[in-house]
Each structure stands twice: as structure tokens, then as C-alpha cells.
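Below: one structure, written as C-alpha cells.
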Amino acid sequence: MYPLLQADQDNQAAILDTAVTAATQFLRELPHRPAAVTPKPHDITDLPADGRGATDALAQFQARYGAEMAGSAGPRYFGFVTGGSTPAALIGDWLTAVYDQNPATDEDYAAPQVEKEAIHFLRQLLGLPDKFAGTFVSGATMSNFVGLAQGRQWAAQQQGIDVAEEGLYSLSRISVLSATPHASSYKSLAMLGMGRQNMTRIPSLSDREAMDVSALAQQLAALDEPALVIASGGTVNTVDFDDLQAIAALKQDYPFWLHVDAAFGGFAACSLRYAHLLAGWEQADSITVDAHKWLNVPYDSAMTFSRHPDLQVAVFQNTAVYLGPTHDTPAPVHWTPQNSRRFRALPAWMTLLAYGRNGYREIIERNCAQAQWLGQQIEASPQFRLLAPVRLNGVCFTLAGDPTLAVIHDYLARLRDDGRVFLTPTQYKDTPAIRASISNWQTAQNDLEICWQALQEIASE
Ligand SMILES: *Cc1c(COP(=O)(O)O)cnc(C)c1O
């Protein structure tokens with residue numbers, strides 16, 4: 001064996017201790033780290049001929065990049081929609097690497113069983129019926145892709161075509177209808193060979209991002225062919241929800257595949273106070289829920305739920321003699337774009353078992369109350385303007401005095417450099433805007449007060 005590798009093998013326990021020390025230090029500092037860091041330019045070094053061993057590699061990493069690891073997993077990173085990692089999720093993720101299982105096949109290890117149990121926990125947490133099959137994927141983008149791929153398979157089937165087998169060559173156009181789709185749905189259409197331009201935007205209600213369902217009904221009535229409808233269970237700008245009940249009710253009159261993108265908004269289901277926002281989502285054909293956002297597990301993790309496992313397997317099956325026959329319950333390899341993959345269920349399983357339904361309800365309701373509080377400060381302040389009511393965990397606002405997008409960018413760059421808090425720019429109904437998404441288990445009221453102080457100070461500069 002290569003001597004340094006041999007030495008590391010002999011020293012594995014000490015190496016792990018070094019990593020634990022580094023991790024503990026990082027986690028202790030996390031609340032005080034700058035929420036985001038502008039990366040410095042780094043020289044790219046060459047691959048060493050002789051290695052350095054694990055401990056030295058870690059020391060090198062810390063010396064060169066350690067200071068630039070942002071506090072994005074910490075309590076005041078309100079950019080995009082970003083979660084952190086609960087203590088239980090973190091140990092689950094570490095041990096995922098230790099066990100290094102590949103839950104592609106289900107006959108050689110228990111990992112797929114743990115995955116099934118984690119999905120069962122999640123269905124219960126989210127109030128989804130057992131008829132939904134669930135699988136772990138790498139993120140909500142991939143979950144949207146998997147849901148829309150099934151929708152395409154279904155719509156093509158109505159045209160007498162098995163797309164997974166025959167390809168798109170003889171298929172007529174499949175309409176895709178949505179009011180406020182996430183960017184990743186466009187990406188999914190590109191990957192599916194359906195094309196970004198094939199998204200038909202249904203008008204939203206005035207002063208809302210939610211779909212005008214009567215406009216959808218009109219559009220569906222004008223179509224000859226079955227369509228795909230992408231509904232929002234929480235938009236990223238104003239956290240608005242389509243009326244999923246009313247959209248699902250249209251299925252009685254028109255044939256369409258209903259995909260609900262509830263990447264983070266799905267967690268509204270944890271709370272009796274907010275669950276009504278998702279009423280009707282159990283009638284969807286496929287659903288996206290992210291895990292690395294509000295479930296607070298490390299990247300990469302999301303779930304894809306489907307009421308049509310047969311279509312899912314029709315698209316993603318990966319038959320090979322050595323994988324054995326596809327039974328009534330095909331192995332995980334047949335369900336998603338990935339074949340070999342990490343034991344992604346373990347961090348989710350750990351955190352769900354560690355904190356249970358009430359633990360998650362507390363995180364969700366606390367983050368929502370914090371968003372409410374921030375919304376109230378903004379509404380009462382002459383320096384800002386609230387652009388939408390706070391419905392869940394997001395606050396969409398702008399600076400007073402009709403700023404341009406460049407002014408917003410400049411303000412947010414100064415805020416980022418200040419380091420106390422990080423927020424992202426957006427545009428809401430043509431108004432250059434800012435949004436804060438509060439989705440971290442660690443965020444406390446004091447963090448909101450620090451955030452509010454920083455927002456005002458930087459705006460007064
Ligand atoms: C974040 C998000 C996505 C994309 O999620 P990734 O995990 O980044 O792939 C899709 N839809 C919505 C509504 C989101 O908030």
C-alpha cells in the first residue's frame with residue numbers, strides 16, 4: 001500500500017478526532033461568522049506527486065479556504081431558501097459517508113428499508129396519503145424533473161406513444177401550464193426535450209403570484225390534448241400558494257397531469273396553522289418537497305412523491321441482468337435518474353426520529369413567526385416598503401423610493417459585506433425587490449433583531 005495511505009489507515013481514529021475538532025470549532029463559530037463571504041481570488045495549485053496524508057490535507061484546506069467558508073448554514077442567512085443541518089441530520093450525514101452504502105439494489109443491505117421508513121415518516125409529517133410512492137433525489141430541481149418526466153410519459157400515453165421506449169420523435173406538442181413556476185421547471189423542460197419556450201404562463205390573480213384558476217380552466221378548455229399543469233405550493237418571491245383544491249377539481253372536466261412544486265412550502269403541512277395553504281395537494285399526480293431547505297438536512301437531498309409509480313418506473317427503469325428482474329416493487333435503481341447513489345435517507349431518518357412531528361412543527365412555526373415579525377417592522381418603517389403579506393416564512397420588500405435593480409444590488413452587496421445577514425434580490429411584478437426566507441432551525445428572535453438593525457443601518461448609509 002502507498003505509505004501515506006497505510007499511515008492514514010493506521011491512524012484513522014486520530015484523523016477522525018482532528019475532523020471532529022475542526023467541525024466543533026466551525027459549529028461554535030457559525031452564528032458569528034459572516035453569513036456570506038465574497039470569495040478571494042485563489043491561485044490554482046498543481047496536483048502533488050507525493051501526497052501529504054489526510055491530516056495535512058485538512059490543515060491545508062483550513063489554511064487556504066477555511067476563513068472563506070460562509071455561515072450559510074447559520075442563523076442569519078436568509079438568501080434563496082436555505083436550511084442548515086440539525087445535530088441529528090449532521091451525524092446521519094457523517095455516518096452516511098462512513099457506511100458508504102449504495103441503496104440502488106434492495107437485496108444486499110438494509111439501506112433501502114431505512115429509506116422506506118424515512119419516506120413513511122415524511123408522508124406522516126406532511127399529511128400525504130400512503131398511496132404516494134416516495135423516493136429521495138438530490139434536490140427539488142431533480143424532483144421537478146422526475147415529476148414532469150412522469151407527466152410527459154402520461155401525456156404521451158394519451159397519444160398512444162411510450163416516450164421512454166420510442167422517444168419524442170412522433171409526439172405532438174404537450175402543453176405545460178403554470179402561473180409562477182420556479183426556474184428549475186424551465187430547466188426540467190429543457191432536459192426533457194420539451195423546451196423552455198413550451199411553458200405557457202397562466203395569469204396570476206392581481207397582487208398575487210397565485211394562479212387565476214378561471215384562466216387555467218379557459219386554457220384547458222381550449223386544448224385538444226392532455227396537458228401538464230405545474231402548480232405552486234409556495235413561490236420563492238412572496239411564498240404564495242396556488243389554490244390546489246380548485247385546480248385539482250378541474251381534473252373532473254379536463255385531463256391533465258398535476259405536478260405540485262412544494263419545495264419548501266410543503267412544510268406548511270406540519271402546522272395546523274398553515275396546513276390549509278396546501279389543501280388539495282393530495283390530489284396531485286406528483287409532488288416535489290426539498291429536504292435540504294426546511295427539513296434542515298445537509299445538501300444534497302429532496303423527495304419526489306408520485307401517485308403513479310408504474311409511470312415513474314417506466315421512465316427510470318434500468319434493467320440489466322446483474323440487477324435482477326424488476327418485481328412488483330422494483331429496486332430503487334429503477335425510480336430516479338441516479339443509479340448508484342449515497343445513502344441519502346439516513347440524515348432525514350435521523351432528524352425525523354430525533355425531533356419528531358412536534359420538533360418540526362416548532363421549527364416551522366418559529367420561522368413563520370419570525371417572518372411575521374420582520375414583515376411588521378418593515379411595514380412600520382419609512383425606509384422600506386412591504387410588497388406582499390407574509391404568508392409563511394418569506395418576506396418580500398423593497399427600499400423606499402422606487403429603487404432600480406442596480407440600487408437593490410448595491411444595497412445587498414453592502415449588506416453582504418457587513419456580514420451580519422444575507423438576503424437575495426428579486427423582481428416582484430416588475431418592482432425590484434429583496435426577499436428574506438427564514439428556514440433555519442437555529443434562527444432565534446435575537447437573530448431577527450440583529451438582521452433588522454443591519455437592514456436599517458445599511459439603508460441609512
Ligand atoms: C429551491 C426550489 C427549487 C429548486 O430546488 P433545488 O433544491 O435548488 O434543486 C424548486 N422549486 C422551488 C419552489 C424552490 O423553492
- request: For the stretch 90-351, state what percent of all Cα-Cα pairs lands in each successive 10 Å bin, counting from 0 Å until the bin that includes the largest distance.
  value: 7, 31, 36, 20, 6, 0
- prompt: Rounded, prolate or oblate: which one fits the stretch 391-435, using the alpha carbon gyration tensor with axes a ≥ b ≥ c (rounded when a/c is under 1.5, else prolate when a/b beats b/c, else oblate)?
  reply: oblate
- line: So, over other residues within a Cβ distance under 10 Å of Ile450, counting Lys, Arg +1 and Asp, Glu -1, the net charge is 0
message: With N set to the number of residues, divide the alpha-carbon radius of gyration of the stretch 1-126 by 2.2 N^0.38 Å and report two decimals.
response: 1.35
task: Enumerate the calculated ³J(HN,Hα) couplings along the stretch 83-99 in order (Karplus 6.51 cos²θ - 1.76 cosθ + 1.60, θ = phi - 60°), each rounded to whole Hz, writing x wherever the residue is Gly or Pro.
output: x, x, 9, 5, x, 6, 4, 5, 5, x, 6, 4, 6, 4, 6, 5, 6
- prompt: Per-residue ellipticity at 222 nm for the chain, helices alone: DSSP H runs ≥ 4 residues times -39500 (n - 2.57), over residue total, nearest 500 deg cm²/dmol?
  reply: -13000 deg cm²/dmol
query: Once phi is turned into θ = phi - 60°, what whole-Hz ³J(HN,Hα) does the Karplus curve with 6.51, -1.76 and 1.60 give for every residue of the stretch 47-55, x standing for Gly and Pro?
result: 4, x, 5, 9, x, 10, x, 5, 5
The chain - percent relative contact order, Cα under 8 Å, separation 6 or more: 22
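How many percent of all Cα-Cα pairs in the chain sit more than 30 Å apart?
Everything past 30 Å amounts to 50 percent.
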- line: Listed by chain and number, the residues whose amide H is under 5 Å from that of Ala36, excluding neighbours fewer than 5 places away on the same chain and using placed H, are Gly71
- prompt: By average Cβ neighbour count within 10 Å, what is the ranking of 404-415, 162-173, 64-75 from highest down?
  reply: 64-75, 404-415, 162-173
task: Please compute the net charge surrounding Leu189, taking Lys and Arg as +1 and Asp and Glu as -1 over other residues with Cβ under 11 Å from its Cβ.
output: +3
- prompt: Considering every Cα-Cα pair within the stretch 241-398, what fraction, in whole percent, is farther apart than 24 Å?
  reply: 51
message: I'd like to compare 7-14, 427-434: which one has the highest average count of other Cβ atoms within 10 Å, and what's the full order after that?
response: 427-434, 7-14
query: Taking square-rooted eigenvalues a ≥ b ≥ c of the alpha carbon gyration tensor, is the stretch 286-356 rounded, prolate or oblate, where a/c under 1.5 means rounded and, failing that, a/b exceeding b/c means prolate?
result: prolate
- request: For the stretch 223-238, just list the computed ³J(HN,Hα) in residue order, Karplus coefficients 6.51, -1.76 and 1.60, θ = phi - 60°, integers in Hz, with x standing in for Gly and Pro.
  value: 8, 8, 10, x, 10, 10, 10, 9, 9, 9, x, x, 7, 6, 6, 10
statement: With N residues in the stretch 3-71, Rg(alpha-carbon) / (2.2 N^0.38 Å) equals 1.32
message: Taking loop as defined by DSSP and a crowding limit of 16 other beta carbons within 10 Å, which trypsin sites (Lys or Arg not before Pro) in the stretch 74-150 fit?
response: Lys131
query: Arranged from highest to lowest average of other beta-carbon atoms within 10 Å per residue, in what order do the peptides 42-49, 257-264 appear?
result: 257-264, 42-49
query: Which cross-chain or sequence-distant (5 or more) residues have an amide H under 5 Å from the amide H of Val137, H modelled 1.01 Å from N in plane?
result: Ala302, Met303, Thr304
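Values in this text are rule-based calculations from the coordinates and carry no lab data. Owing to the predicted nature of the structure, the values given are computational and were not obtained by experimental measurement. A quick note on method: Cβ atoms are made from the backbone with ideal geometry, for glycine too, and the neighbour counts reach across all protein chains shown.
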